[in-house]
Structures are given as C-alpha cells and as structure tokens.
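Report on one structure; see the data block that follows.
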Amino acid sequence: MIDGIQFNSLSEFLAMGGYAFNVWSVYALFAIFLVANLALPLRKRRLILRDQKRRLAALDAREDSARDPADSAGWEVSMAGDEK
Amino acid sequence: MSGRWQWFHRLGSPKWFYEKTTRWLPWLVGAMALFLAVGIVWALLFLPPDYQQGHTSRILVVHVAVAGTSLSFFPLMAVAGTVTLVWRIKLADMVAKNAAPLGAWFTFLTLATGSIWGSVSWGTWWEWTDSRLVSMLFQLFLLLGVISLRTAIENAETAARACALLSIVGCINVVIIKYSVDWWNTLHQPSSPISMEVGSPNGPEFWVATAVMIVAVYLFLAVSLILTTRNEILQREDKAQWVRELVAQAR
Amino acid sequence: MNRAGAGAAFRATLKRDLLISVKRRNDILNPFMFFVIVVSLFPIGISPESAMLRQIAAGVIWIAVLLASMLSMDSLYRSDYEDGSLEQLLLSSQPLYLLVFAKNIAHWLVSGLPVILVSPLLAYMLALPAEGYVTLVLSLLLGTPVVGMLGSIAVALTVGLGSRGLILAVITVPMSVPVLIFGTLAVQNSLAGGSPLGYLALLGAMLAAAVSLAPVATAAALRISLN
C-alpha cells in the first residue's frame with residue numbers, strides 16, 4: 001500500500017463510505033464531459049478535412065477537364081452542381 | 001496602422017493562430033493530462049475524508065474547479081465581443097462562437113455536480129437557498145440565449161456582432177444577477193441549520209487538491225476551445241491558400 | 001443638429017408611437033388582458049384561501065407583469081421594421097439614443113402603465129394586506145421600465161428574424177431576475193413592517209442605469225440587425 005492512500009481495499013474504495021453513487025456519478029459525468037469536449041471537436045476536424053479534400057479534388061478534376069474538353073462533358077455538369 | 005498595433009492584428013489573423021496553436025497544442029495537452037491525472041488521483045485516493053462530509057468532499061474538488069472555471073465564460077465572451085465590435089477581428093468571433101456551447105456544458109456540469117453533492121449535504125437535489133446554484137441556473141439560460149441567437153441569425157457577420165453585443169450585456173447582467181441573488185438568499189435563510197459553506201470544514205489538503213484541479217480544468221478549457229476554434233478556421237477560411245495546402249497534406 | 005432639433009425629434013417619435021398604439025388597440029389590450037387572466041389562474045391553481053394568497057400576492061403580480069411585458073415586447077419594433085420606418089430612424093441625423101428612448105417610453109406608457117394601474121385591484125383579489133399597496137405600485141413603476149428597456153435590447157437584436165421563438169424569453173428572463181428580486185423584497189419588507197425605501201432605492205438605481213445604458217445598447221443592436 002502506498003502511504004497516504006485513504007482506503008484499505010478496493011471494495012472500500014468503490015464503496016466511498018456509503019456515498020458510492022454520489023461520488024462515482026460525479027466522476028463519471030466529469031469523465032464524459034472531458035472526453036466528449038475533446039473527442040467531438042477532433043471528430044469534426046476529421047469530417048471537415050475529408051469534405052474539403054473531396055471538394056478540392058473535385059475542383060482539380062474540373063480544372064483538368066476544362067483544360068481538356070474532350071475528357072468527359074458529363075463530369076463537368078455534375079461538378080458545377082456540386083459547387084452550388 | 002502604427003507598429004505598436006501590429007502584434008494585435010497578427011494575433012487576430014486565423015493563420016497565425018492556427019500555426020501557433022499547432023505548436024502549442026502538444027504542450028497544452030500534456031500539461032492538461034498531467035494536472036488532470038494528479039488532480040483526480042489525489043482527489044479520489046489521497047484526500048483525507050472530511051470529518052463532516054466524509055468522502056463526499058471528493059465531489060467538491062471537481063465541483064469547485066468546474067464551477068470556478070464556468071464563471072470565466074461570460075467575461076471571456078464579453079472581451080471577445082468587444083474585440084469583434086471595435087476591431088472587427090474575425091478570430092475573436094470564432095473563439096466567442098465556440099465558447100458559448102462549451103460554457104453551457106461547464107455550467108450544466110456545475111449544476112449537476114452541485115446537486116449531486118447537495119443530495120448528500122442538504123438531503124435534497126435542488127436547494128433554492130443556495131445562491132450559487134441559482135445564479136448558475138440563470139447563467140445557463142443566458143448562455144442558451146446567446147447560442148440560440150447565433151443559430152437564429154443566418155448572416156454570419158450579423159450573428160457575430162449581435163452575439164458580441166449580447167455577450168457584453170449578458171456579462172454585466174451575470175454580475176448583477178449574482179449579487180442580487182446573494183442578497184435575496186441572505187433574506188431567505190433555510191430553516192434547518194445545514195452547512196451551506198462549500199468546503200468550509202476542509203483543510204489545506206482540500207484546497208491544494210482543488211487548486212491542481214482548477215489548473216487542470218482551465219487547461220482543458222483552453223485545449224477544447226482551441227480545437228473547436230481551429231475547426232472554425234478550417235471552415236471559414238476554406239478559400240485561403242494556406243488552408244488548401246493544409247487540406248491537401250492531410251491524410 | 002442642435003438641441004432643439006433633438007428635442008423635437010424625441011417628442012415627434014413619442015407622439016407618433018403613441019398615436020399608432022391608440023389606433024391599434026390590441027397592443028394595449030392584449031398584455032392587459034393577459035395579465036388579468038394569468039393572475040386569476042393562481043388562486044385556482046394554488047389555493048383560494050386568503051392566508052395562502054396573501055403570502056404569494058406580491059410575487060404573483062410581479063411575475064404576471066413580467067410575463068405580460070414579455071408578450072407585449074414582441075410588437076415593439078416589428079411593425080416599424082416591416083414598414084421600413086425603422087431604417088428611416090437609423091438614417092435620421094438625430095441621436096439614435098433619444099429616438100430609441102422615446103420609443104421605449106411610448107411602449108411603456110401603452111403596455112406597462114395600464115397593467116400597473118390595474119395591479120392594486122388584482123392585489124386586492126389576492127388578499128394583499130393594506131400595507132403593501134403603495135410599495136407594490138411604486139416598485140412596479142420603478143421596475144417595469146427597466147424590464148422594458150432590457151427587453152428592448154433583446155427585441156432589437158432579433159428584429160429581423162422571422163421566428164424568434166423562445167429567444168426573447170431566454171434572454172429577457174435572466175435579465176429581469178434582479179428587478180423581480182428587489183420588487184418583491186420591497187413589498188415583503190413593507191408587509192413585515194419594515195421600510196421598503198432601501199429596495200426602492202436599488203430599483204431606482206437600476207432604472208437610472210437602464211435609462212443611461214440600455215438605449216445605447218438597443219441603438220447598437222438596431223444598427224447590427226439592420227446593417
């Protein structure tokens with residue numbers, strides 16, 4: 001046992017002197033709060049980067065087809081629609 | 001523009017902010033993880049149980065840290081709002097826009113942890129005679145007002161300036177609400193002599209643990225706000241060359 | 001832009017708004033009726049016993065007044081926005097602060113004052129003890145303009161929006177809390193035999209602060225909304 005720990009056993013730690021529900025629900029809420037406010041922005045960042053990459057690729061493809069009109073006229077129409 | 005103000009406008013440049021935070025983020029995340037780990041382990045394992053409140057003082061470490069930090073949102077948004085209105089710096093609004101929902105999360109968590117603590121200490125989940133909880137409730141309403149104003153106005157520029165003004169007015173109001181609710185509370189003392197002072201019987205160990213947790217929560221605020229602001233920059237500046245290059249390099 | 005011109009513009013705006021309200025009587029009648037209806041629901045919902053009603057009378061009247069003023073606020077700049085006269089106001093060479101202030105006064109005279117005038121009658125129906133009436137009316141006279149001017153900021157921020165929904169309430173309710181606290185405390189204090197002057201002075205201070213600052217914020221909000 002490390003000196004200074006206030007509990008003698010794991011079950012005592014989990015019981016929190018009879019306040020298990022209160023103590024653990026607060027720490028659970030705190031954990032959800034921390035994880036959510038870090039994970040959600042990171043997830044959104046991935047989505048933003050993916051969307052913009054796709055958009056840039058579409059833009060490039062359009063520039064390519066503009067340089068070479070024979071490439072495929074159908075593409076051009078659908079890309080113009082995407083831009084709106 | 002005189003040279004004295006150059007740093008100010010450079011600070012307001014989204015590109016500058018994005019590049020700086022790319023360098024800062026690892027350090028901030030590291031410090032946040034360190035302080036969170038120390039704070040949580042200390043609060044859960046090493047903090048001596050309070051002679052009156054027993055192990056529920058472990059709740060207070062989290063509650064006090066989150067509550068204290070949530071008070072900084074309106075001042076933060078008011079300062080950002082002033083910068084938006086006076087200097088029209090886009091970055092200030094990007095920060096303010098993302099601060100409002102984060103502040104609502106903080107305020108909600110303050111209310112939730114406060115009422116969980118109160119269910120032991122007061123024997124009830126909600127206590128109108130605790131002026132801190134009551135002012136927090138109205139701070140939550142005001143934050144929801146700012147958020148709903150932002151979503152209701154379609155034009156981004158108008159929304160930015162409207163929310164900036166509302167944040168300044170709201171900041172003044174939060175202070176007035178806090179003092180008047182305190183006043184109101186002293187005249188409606190509870191009939192049962194329960195200890196209303198948060199942390200009053202706690203010794204220095206409690207306050208050191210809480211101080212560590214406060215630093216941890218502030219670092220978390222900074223990290224989360226920087227992450228959402230960077231997302232905002234990527235979205236709003238998507239026509240800028242440097243963002244395109246960045247997107248092209250991303251996996 | 002001389003002083004007389006500003007004064008004339010102030011009076012003209014006040015007169016114009018009052019005339020329009022008199023022509024559209026619903027703006028006066030609706031908040032008034034709403035107030036009476038809300039108050040009459042409390043004895044039915046809580047208790048018809050005068051011992052109970054006496055305790056809640058001041059709070060019920062104050063809350064009903066706040067709700068009624070929130071209802072009336074919706075019409076504050078709406079018709080002016082729709083017929084374009086709000087933009088004319090912004091283009092005027094006169095200080096916008098004065099014009100906004102005139103509109104606030106007109107709105108309070110039309111929607112706030114009638115409610116205050118009928119409040120003693122409703123307070124009587126709620127069995128408010130005799131010591132409370134003067135304080136109640138005084139606190140309402142000092143407090144409702146504050147609520148109106150704070151609400152005016154929220155209305156100005158949302159004036160161009162099709163549906164405001166809850167925004168007005170979510171913004172205005174927290175801002176009215178201090179007024180509600182000191183208004184009801186004043187009445188309760190005089191019922192308890194104390195002097196309400198301290199609370200009335202605080203309400204007066206809030207009114208002074210609101211008069212000097214709120215129209216500035218409303219003017220800024222109007223410029224933002226109509227840019």
Pick from C:Ala217, C:Ala192, C:Ala123: which residue has the top mean-square fluctuation in a GNM of chain C where Cα pairs under 10 Å get a spring? C:Ala192
When chain C is modelled as a GNM with alpha-carbon springs shorter than 10 Å, which of C:Ile20, C:Ile105, C:Ile153 fluctuates the most? C:Ile20
Ranking request for peptides B:137-143, C:207-213: highest mean number of other beta-carbon atoms within 10 Å first, then the rest in descending order. B:137-143, C:207-213
Check: the range B:55-146 dipole with +1 on Lys, Arg Cβ and -1 on Asp, Glu Cβ, in debye: 280
Karplus (6.51, -1.76, 1.60) ³J(HN,Hα), θ = phi - 60°, over the range B:106-117, in Hz, Gly and Pro reported as x: 4, 5, 4, 5, 4, 5, 5, 5, x, 6, 5, 5
Can you give me the C-alpha center-to-center distance between the range A:9-31 and the range C:128-172, rounded to a whole angstrom? 45
Inter-part distance where the range B:12-49 and the range B:74-103 are each reduced to a Cα centre, Å: 22
Please get the size of the charge dipole for the range C:3-225, origin at its Cα centre, with Cβ charges of +1 on Lys and Arg and -1 on Asp and Glu, quoted in debye to the nearest 20. 420
Once phi is turned into θ = phi - 60°, what whole-Hz ³J(HN,Hα) does the Karplus curve with 6.51, -1.76 and 1.60 give for every residue of the range B:90-102, x standing for Gly and Pro? 4, 4, 4, 6, 4, 5, 4, 4, 7, 5, 4, x, 5
The rounded separation in angstrom of the Cα centers of the range C:176-227 and the range B:150-181 is 18
Top mean-square fluctuation among B:Arg236, B:Arg23, B:Arg88, Gaussian network model of chain B, C-alpha springs under 10 Å? B:Arg23
Would you mind checking the pairs B:Lys20/B:Lys178; A:Lys44/B:Lys90; B:Lys178/C:Lys103; B:Lys90/C:Lys103 and listing those with alpha carbons more than 25 angstrom apart? B:Lys20/B:Lys178; B:Lys178/C:Lys103; B:Lys90/C:Lys103
Determine the principal axes of the Cα atoms in the protein assembly as shown, then give the extent along each, sorted from largest to smallest and rounded to whole angstroms. 79, 76, 49
Degrees between helix C:197-225 axis and first principal axis of chain C (Cα, 0 to 90, nearest 10): 30
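Rank these for me by crowding, B:Lys15, B:Lys97, going from fewest to most other beta carbons within 10 Å.
Neighbour counts put them in this order, fewest first: B:Lys15, B:Lys97.
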On Cα atoms only, tilt of C:3-23 relative to the major axis of chain C in degrees: 60
With contacts defined as alpha carbon pairs under 8 Å and 6 or more residues apart, what's the relative contact order of chain B in percent? 33
Per residue of the range B:41-47, what does 6.51 cos²θ - 1.76 cosθ + 1.60 with θ = phi - 60° give for ³J(HN,Hα)? Whole Hz please, x for Gly and Pro, Karplus curve as stated. 4, 4, 5, 7, 9, 9, 5
Assign unit charges at the C-beta atoms only (+1 for Lys and Arg, -1 for Asp and Glu), then state the dipole size of chain B relative to its Cα centre in Debye, rounded to the nearest 20. 1040
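Just so you know, all these numbers are worked out from the coordinates, no wet-lab data involved. Quick caveat, the model's predicted, so the values are computed rather than measured. Neighbour counts run over all protein chains shown; Cβ positions are idealised from the backbone, glycine included.
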